[in-house]
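Working notes, structure below.
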Number of protein chains: 2
Amino acid sequence: MLIECIPNVSEGRRPETIAALADAVRAVPGVRLLDVSSDASHHRSVLTLAGDAAALERAVLTLVERAIAAIDLRQHRGEHPRLGAVDVVPFVPIEGATMADCVALARKVGAALARRFDLPVYLYEEAASRPERRNLEDIRRGEFEGLAAKMASSAWAPDFGPSHPHPSAGAVVVGARMPLIAYNVNLATDRLDVAKRIAAAIRHSSGGYRFVKAMGVSLADRGVVQVSMNLTNHEKTPIFRVFETVKREAARYGVVVLESEIVGLVPSAALVGAAGFYLQLERFSADQVLENKLRQAQ
Amino acid sequence: MLIECIPNVSEGRRPETIAALADAVRAVPGVRLLDVSSDASHHRSVLTLAGDAAALERAVLTLVERAIAAIDLRQHRGEHPRLGAVDVVPFVPIEGATMADCVALARKVGAALARRFDLPVYLYEEAASRPERRNLEDIRRGEFEGLAAKMASSAWAPDFGPSHPHPSAGAVVVGARMPLIAYNVNLATDRLDVAKRIAAAIRHSSGGYRFVKAMGVSLADRGVVQVSMNLTNHEKTPIFRVFETVKREAARYGVVVLESEIVGLVPSAALVGAAGFYLQLERFSADQVLENKLRQAQ
């Protein structure tokens, strides 16, 4: 069973602290640390771990213990919204694990974090206890600074733990979701309005594809604009369909696609699916990918 | 170090014999048997193995021993040309292994087969000892029935072993090559001449791409025609370029592509490359594929 876990930690500026957190996680038996990405202006780091449920539970408990000792949100100022020292902990099914396995793991880890560290825990996305807690943005609105007031309302009683914030570490949001693909399409124009209109056309919130979040941004240093997206379920809203739609909408404004980019990791299946679409592959199975065969035969 | 080995055995009709050969290979420690495909009309089976050099050497010696005991080419009639009981043994670099590693392995295994079974061995493709032995078709021309006469000429002295055929097992051709992709494009027409002309346009032998072998064939039962190809180096002649060229050449005759198909296994990199081409991916690295990261972190 292989599950991915991508804890977001509110520390992106002290390299030695980030390295110590990464080392602590790497030392947990059965855990593979695939990536660490830090952003100083966001003051945030994203760790990518893989392992089975038991190993990831140990890793998250270790990480939160170290992060609470090292991070004080009362002193933390960054561009990225955050609620906690360890801000978000999503579990993602990769291989031999179902979404139900990840939901169960999120609940188990959430309960353990609350018990061990007296930390309020919210469950989100597939692990959410009620519909209004599915979206991370709704839980995080008001941020650390507004958390005490927010928690005073019974509507925001945590799923586990005390009904007040941890003094220095705030709260943690734990959940289960599909792999998320950070995908951007750069347009050969400096017209920001074009990027914004295309983003509005393709994102779920304004009538577009079910599993797309999108915004138009300007890449001022390059003199071009970007449709910046999160694809939250590449099986149901595939990357190639999103790309083709962006391309077609851009043509409406006389604009062509310059390039696209994937930020961070992408599941092989998303790219194999795109190859299959464009090559018009029939009777093709993921079992025909040599590397998949190799892993199955292990 | 991971090498693929794809022995072609001259037995495609007796399921129990094929299963016994597969079982013998599967029992070799360190070897993974990824696939067994048999074709009764060809009277031939293709095994796909993976492992390190030492494990594959043991597996090939085991397979040849069992095949010599089970197969008599004097009684063998099939559609596919063949020279030996085990006809061809290519080694293919997959991960952490170079082509030079595979050439060295081919020579070592070839020498061992000649010594142990008194079997003539020819080296081909990247392992060939001279240019006129690079192509398997040239070595195999005349087949088992013509082998004794062919070997009487010094030009066809084997690279290892006796200068006469093994009485029942003929000879074996051992070599090293890039992964081969069996790739077909089906056209929405029954005009065989169109498929033949496109095949001629794209194959190396008549002026096309360097690493493409192609022929036009009729799929009579479906009423369509096919450009049937082997892509012998997908890094240098990528699948998407071949597909786009076939599509463009077909348009010249007013014909559209119905679908394409990959027969058997394909390296992930070939499909990721196609996704990158069509999605216009910039700054993308194979390290961003989650499964690659996982294997590296093991």
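The values are calculated or read from the model by the stated rules, or taken from the named source; none is laboratory data. Quick caveat: nothing in here was measured; it's all calculated off a predicted structure. Note that each Cβ is placed from the backbone with ideal geometry, even for glycine, and that neighbours are counted across all protein chains shown. Calculation scope for accessible area: heavy atoms of the full protein, side chains included, ligands and nucleic acids excluded. Shrake-Rupley method; radii C 1.70, N 1.55, O 1.52, S 1.80 Å.
Only one of the listed residues (A:Ala297, A:Ala199, A:Ala220) is open to solvent by less than 50 Å² (accessible area, probe 1.4 Å), more than 14 Å from chain B (Cβ to nearest Cβ) and more than 20 Å from B:Gln288 (Cβ to Cβ). That residue is A:Ala199.
Suppose we keep only residues that are facing another protein chain (nearest Cβ under 7 Å) and touching a helix residue (DSSP H, G or I) at 6+ places or on another chain (Cβ under 7 Å) within the stretch B:282-294. Which one would you say is surrounded by the fewest Cβ atoms within 10 Å (Cβ to Cβ)? Checking each candidate, the answer is B:Lys293. Count of the stretch A:275-298 residues, restricted to those that are part of a helix (DSSP H, G or I) and at pLDDT below 95, is 10.
Residue-by-condition table, conditions (1) under 25 Å from B:Glu57 (Cβ atoms); (2) within 15 Å of the chain's Cα centre (by Cα):
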position	(1), (2)
B:Lys108	yes, no
B:Ala111	yes, no
B:Asp118	yes, no
B:Lys150	no, no
B:Trp156	no, no
B:Met178	yes, yes
B:Ala199	no, no
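Only one residue in A:Ala70, A:Ala19 is among the hydrophobic types (A, V, I, L, M, F, W, C), over 18 Å from the mean Cα position of the chain (by Cα), over 22 Å from A:Ser163 (Cβ atoms) and crowded, with 16+ Cβ neighbours inside 10 Å. Which one?
Numbers: A:Ala19 fails: crowded, with 16+ Cβ neighbours inside 10 Å.
Sole residue among the options that is among the hydrophobic types (A, V, I, L, M, F, W, C), over 18 Å from the mean Cα position of the chain (by Cα), over 22 Å from A:Ser163 (Cβ atoms) and crowded, with 16+ Cβ neighbours inside 10 Å: A:Ala70.
The C-beta contact set for the stretch A:269-282 (first residue at negative phi, second residue among the charged types (D, E, K, R), distance under 6 angstrom, 6+ apart or interchain) comprises A:Glu282/B:Glu259; A:Glu282/B:Glu261. If you go through the stretch A:260-274 and keep only what is in a helix (DSSP H, G or I) and open to solvent by 50 Å² or more (accessible area, probe 1.4 Å), you end up with just A:Ala269. The single condition from (1) touching a residue at least 60 places away in the same chain (Cβ under 8 Å); (2) open to solvent by less than 10 Å² (accessible area, probe 1.4 Å); (3) out of contact with any Lys or Arg (no Cβ under 7 Å at 6 or more places or on another chain); (4) within 14 Å of chain B (Cβ to nearest Cβ) that A:Gly84 fails is (4). The numbered conditions (1) open to solvent by 10 Å² or more (accessible area, probe 1.4 Å); (2) in contact (Cβ under 8 Å) with a residue 24 or more places away in the chain; (3) closer than 26 Å to B:Met99 by Cα; (4) over 18 Å from the mean Cα position of the chain (by Cα) are all true for B:Arg26 except (2).
Within this structure, A:Glu291 fails the test of being among the acidic types (Asp, Glu) and under 21 Å from the mean Cα position of the chain (by Cα).
Go through B:Ser10, B:Ser41, B:Ser37 for me and flag whichever is in contact with an Asp or Glu (Cβ under 8 Å, 6 or more places away or on another chain) and modelled with pLDDT under 95. Don't jump to the end; show me each part of the working.
Details: B:Ser10 fails: modelled with pLDDT under 95; B:Ser37 fails: in contact with an Asp or Glu (Cβ under 8 Å, 6 or more places away or on another chain).
Within the list B:Ser10, B:Ser41, B:Ser37, the selection yields B:Ser41.
Here B:Arg248 fulfils each of the conditions (1) farther than 21 Å from A:Leu294 by Cβ; (2) more than 21 Å from the chain's Cα centre (by Cα); (3) open to solvent by less than 20 Å² (accessible area, probe 1.4 Å) apart from (3). Selection of the stretch B:89-106 for residues being surrounded by fewer than 24 Cβ atoms within 10 Å (Cβ to Cβ), more than 14 Å from chain A (Cβ to nearest Cβ) and in contact (Cβ under 8 Å) with a residue 60 or more places away in the chain yields B:Met99, B:Asp101, B:Val103.
State yes or no: is A:Phe211 open to solvent by 40 Å² or more (accessible area, probe 1.4 Å), at negative phi and more than 7 Å from every other protein chain (Cβ to nearest Cβ)?
On the way: open to solvent by 40 Å² or more (accessible area, probe 1.4 Å): yes; at negative phi: yes; more than 7 Å from every other protein chain (Cβ to nearest Cβ): yes.
Against the criterion (open to solvent by 40 Å² or more (accessible area, probe 1.4 Å), at negative phi and more than 7 Å from every other protein chain (Cβ to nearest Cβ)), A:Phe211 qualifies.
In this structure, A:Ser129 does not qualify as assigned to a loop (DSSP other than H, G, I, E, B) and either more than 21 Å from the chain's Cα centre (by Cα) or of a type in the set (Phe, Trp, Tyr) (or both).
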